[in-house]
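Working notes, structure below.
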Amino acid sequence: APTLAAYALMLGDDSLVMSHRIAEWTSNAPDLEDDIALSNIALDLLGQSRLLLARAAKADDSVVPALPEGSPAPPEDALAFFREAHEFRNVRFAEVVNGDFAEATVRVLLFSVWRLAVWERLRASTDHVLSAVAVKGVKELTYHRDYAARWFVTLAQGTEESRSRLLAALDELWPLWPELFDTHPVEAAAAASGVGVDPATVREAAEAVLDQVLTAADVPRPEVARRSGVLGRTGRDGMHGEALSRMLAEMQSVARAHPRGQW
Amino acid sequence: APTLAAYALMLGDDSLVMSHRIAEWTSNAPDLEDDIALSNIALDLLGQSRLLLARAAKADDSVVPALPEGSPAPPEDALAFFREAHEFRNVRFAEVVNGDFAEATVRVLLFSVWRLAVWERLRASTDHVLSAVAVKGVKELTYHRDYAARWFVTLAQGTEESRSRLLAALDELWPLWPELFDTHPVEAAAAASGVGVDPATVREAAEAVLDQVLTAADVPRPEVARRSGVLGRTGRDGMHGEALSRMLAEMQSVARAHPRGQW
Amino acid sequence: ADLESHFEATIARNDRIEPRDWMPDGYRRTLVRQIAQHAHSEIIGMQPEGNWISRAPSLRRKAILLAKVQDEAGHGLYLYSAAETLGVSRLELTEMLISGRQKYSSIFNYPTLSYADVGSIGWLVDGAAICNQVPLCRTSFGPYGRAMIRVCKEESFHQRQGYELLTTMMRGTDEQRAMVQESVDRFWWPALMMFGPPDADSPNTAQSMAWGIKRNTNDELRQKFVDMSVPQAEALGVTLPDPDLAWNDERAHYDFGQPDWDEFMQGVKGNGPCNAQRLAHRRRAHEDGAWVRAAATAFATKEATA
Amino acid sequence: ADLESHFEATIARNDRIEPRDWMPDGYRRTLVRQIAQHAHSEIIGMQPEGNWISRAPSLRRKAILLAKVQDEAGHGLYLYSAAETLGVSRLELTEMLISGRQKYSSIFNYPTLSYADVGSIGWLVDGAAICNQVPLCRTSFGPYGRAMIRVCKEESFHQRQGYELLTTMMRGTDEQRAMVQESVDRFWWPALMMFGPPDADSPNTAQSMAWGIKRNTNDELRQKFVDMSVPQAEALGVTLPDPDLAWNDERAHYDFGQPDWDEFMQGVKGNGPCNAQRLAHRRRAHEDGAWVRAAATAFATKEATA
């Protein structure tokens, strides 16, 4: 159960942090349809994270941080609002500060292509909760991917400006793409026990899907090296960039100011 | 003593919030000299706020919020880090989200012209601490005003772009200028008892100084109406804009995450 | 004249005018202005609540709030579509909004200052909006009436959610109860202002009622809202900030005081606490999106000619 | 040849070369590169610590941190001025920095992840910088040496402040002690890397030493830093994350392990955790300031011709 909990936490944190970033687009998108679509993606990811964080807490309640005395926060909220940045296990990709709409397009595309490849396999998880989350998630992520892929092609083929912005965004996020396929010991253990998926095993499949989009958009694969971690450690180890602690300062401010609050 | 405390808190909050905004320029200014100058202004204001918050706490310790058990935070930090937005008494002018360098110029100019007019009189406060703060502060604020006035003229007379940015910044901040001269009951009481200054009484002097700068820059007085409050209440009543609670979420995040911390 | 009498007859029958039908210019202009203002209100209204999405104190509340703000974007979308049937484009209307030539509801020029405001907006602001809008489901212009039916259904849902948030907070800590009371104190009067100036100062009401674009006077709706809200406030355990509020047996309605109409006019004139901020946000989002919309247009053209 | 022998003699006497003196092209080029890199490091170095100004947990710490970051801007200023005496402008150098053609110290490509990092940077990073820089106060180029004297004085002050922050935190809660340890774990190895690659892999050292631009080899300085830091770590109560760290009686120095030079090279090549972020920040600030600098120039021209 510690492996299951740690694994569910990783996936849950990915969804939570990514959801937060996408939700920052609300009331800021280029058109109403995109505002609605991006809110929708954020909502799907938020829903995933709630199920996954709850699963983690149920599998091993020692992952849930100690709450201030008298706090009625349920486990999902204890995990979301009362952990420090280094206790989060999301990939660094999810936490990067938002850029322009091209960046949002590339972000959703890369994230969902990766995630779909993992979750297609996760549907066969021996854990019924994870498998149910994955079944629902695959449908959601397919929509996210298709939405982003459509914009990816549109921006690549639209105007000179949109193409150059798109290429810049791709170069910016690409250094964090390889990290998505690193195998963390928890993921290896989860895969070995049948509850999880080793992301390294889906890299080929994910790259193939991505290549289709790149080809349709007539965009070459970027030639940018991967971003190194700190002492070999990255997001899955709790080693994040500077953006995460700032994000959490904002996200957790009300919950922490009222630790005994009912919401 | 409650009047003195409430009055010192108002002045201290002005300096604290303004200092925080100016400090956000650090590593972001157009040139190194300005980076240093703006940090300097932020430091001066921060120094003022520490003396003023400490004075408020000493005059009436009931203004200091109850701290989480075991917190060793001194009164100045209790006031800065453990109050909610509606407990802050700064003028709304101080909290506005930063804009471009023209906005910083106008912000520092208007703030220091106002403040100087008040503090020149505050030197005669019957409270020795306030009077000492004002004596030192007048020197500092004179430097701030002169720095901003120089840039004000430069931007007004520089390029078309700089002039239009400057005028836009002036129009943006002008609606909050009249509020600086409103008399809050606490200010009226402080003035009556000789510890403070009624800002309404220095309006003419401040406007005269500002007019000199506007004339030198060949910039007309803006014709923008004052910004109304909420149910007639403004910053001095604890009624702020949306920016302040966001600013505090960030500013207070570490202190609140470690209420028993030693720093 | 034939056309005009046909139009008058349709109105008289309480039937719907459809976009293809003939209609007087004044009717069209009034409708465009009213629908656009309503659409703009939904879009600007995303900001005050959107201000708290990133700080929602529980994941459940975050999901509820995000979905609600998304619904407001959806309402904006239906309403712009209804306006488009009258021959104006969404882009034109958006430009009217950001240049300040068209208005939106002044309520959204008030700041949101605590999480309780999310609840107060749901309870009071959406509540007032519903009072205003339910009669509009029977408005004479078809696309508008149909949009309003959808909007009202969702707004009622939002109102219940807002009230439920406040109820939950009232069961929490003393600070939370104080937060709710403070928020209600701030939003009560602005909510009353949402019905517009007193009938005596509302010159367009008569024509709009004659055209079936408006179904009740401002004061009628305001009274309805007050009568509805007082027992809800009691159930919640908050005090409404009006010393004149009292049941009047004779009228079988609550008597109540007048909001500060000067402050209201300041908001209408653009000098409210957040007018500049709301418009600047909308303008920035619109301008930031220009290159994206241009790319979509260019791409569509390429596809069409390929 | 006369000029060259005069130059050589000045160097040999450990006297200072001044900007008006003749100097070999290689000397000038090496100096420009080194001073510029040093100046860039100060400017980029404002970011990792600047990241915490807005979140400093006490007003006293906020003042200390703000003043420190301001000093770094000041150091950048002196150093750019020293470089300018060699005939390159600050603007040119800035453009070399933001286009990636000139480097800055790789240490600043590590993120700051907690407030303890402000202390660790003061103690370890400024400590290592001082070891590197104290000998440069005697460097052969006058303006550089004089700038370094000022810089070193202030850096020592910063180092003491950083150490004092950590000492205070160690007297605090368990979480704070853990925060300090975690921070030291992260910064120890990168601090060792600040002295550059092992001497065997540092081809330019010999020439720089001959010119009096450099006074000690990388490994000598690294050893000095380790010897200095171990007792400080003990006094602080933290463990340095090196299992090979042990006193060697024979050498009368501490033995220590090697940092991960592959990670170091990734940072040098631009692939460190924050390289892209640091450069993007600098580039944005520089570009955002372009209209201001243009206005200042236009105004100065007008004034001059008025």
Using a basic spin-label model with each label point 7 Å from the Cα along Cα→Cβ, how many nm lie between B:Ala192 and D:Thr297?
5.9
Between C:Ala252 and C:Phe157, how high is the FRET efficiency from 1/(1 + (r/R0)^6) when r is the Cβ-Cβ distance and R₀ = 22 Å? Nearest 0.05.
0.15
Would you mind calculating the gained length between C:Arg33 and C:Glu92 on full extension (0.36 nm times residue separation, minus the Cα-Cα distance), in nm to one decimal?
20.0 nm
Which distance in nm do the two modelled labels at B:Lys58 and B:Lys136 give, with both placed 7 Å along the Cα-to-Cβ direction?
1.1
Hey, which lysines would be in cross-link range of C:Lys103, C-alpha to C-alpha under 28 Å, not counting anything within fewer than 8 residues on its own chain?
C:Lys68, C:Lys153, C:Lys214, C:Lys224, C:Lys269
With a point put 7 Å past each Cα toward its Cβ, work out how far C:Lys269 is from C:Arg101 in nm, to one decimal.
2.3
Among the lysines, which have Cα under 23 Å from the Cα of B:Lys58 when same-chain residues fewer than 8 positions away are ignored?
B:Lys136, D:Lys62
Using modelled amide H (1.01 Å from N, peptide plane; none on Pro or chain starts), what sits under 5 Å from the amide H of C:Phe141, excluding residues fewer than 5 places away?
C:Ile17
Label point at A:Ala1 placed 7 Å out along Cα→Cβ; residues across segment A:43-62 whose backbone nitrogen lies under 13 Å:
A:55-62
For segment A:240-254, list residues with backbone N below 17 Å from a point placed 7 Å from the Cα of D:Glu175 toward its Cβ?
A:245-254
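How many Å² of accessible surface get buried when B and D come together, counting both sides, probe radius 1.4 Å, rounded to the nearest 100?
4000
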Amide H contacts under 5 Å for D:His253, placed H, 5+ residues apart
D:Asn248
Rank B:Leu116, B:Leu67, B:Leu79 by mean-square fluctuation in a GNM of chain B with C-alpha springs under 10 angstrom and give only the top-ranked residue.
B:Leu67
If each K or R counts +1 and each D or E counts -1, the residues other than A:Ala85 whose Cβ falls under 10 Å of its Cβ total -2
Hey, what do the phi angles of segment B:218-232 turn into as Karplus ³J(HN,Hα) couplings, whole Hz, using 6.51/-1.76/1.60 and θ = phi - 60°, x for Gly and Pro?
6, 10, x, 4, x, 10, 10, 6, 5, 7, 7, x, 10, 6, x
Can you find, among A:Ser164, A:Ala257, A:Gly235, the residue farthest towards the positive end of the dipole of segment A:127-263? Put +1 on the C-beta of Lys and Arg, -1 on that of Asp and Glu.
A:Ala257
Could you calculate the FRET efficiency of B:Arg150 with D:Asp21 from 1/(1 + (r/R0)^6), where r is the beta carbon distance between them and R0 is 35 Å, rounded to 0.05?
0.40
Listed by chain and number, the aspartates and glutamates with an alpha carbon less than 16 angstrom from that of B:Lys139, same-chain partners under 8 positions apart left out, are B:Asp44, B:Glu120
Calculated FRET efficiency for the pair A:Ala124/A:Ala200, C-beta based, R₀ 22 Å, to 0.05:
0.80
Could you please state how large a percent of the accessible area of the protein assembly as shown is carbon and sulfur, counting protein chains only and using a 1.4 Å probe?
54
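The values are calculated or read from the model by the stated rules, or taken from the named source; none is laboratory data. Small disclaimer: the values here were computed from a predicted structure and weren't measured. Neighbour counts run over all protein chains shown; Cβ positions are idealised from the backbone, glycine included. Side chains included, ligands, DNA and RNA excluded: accessible areas come from the protein's heavy atoms. Shrake-Rupley method; radii C 1.70, N 1.55, O 1.52, S 1.80 Å.
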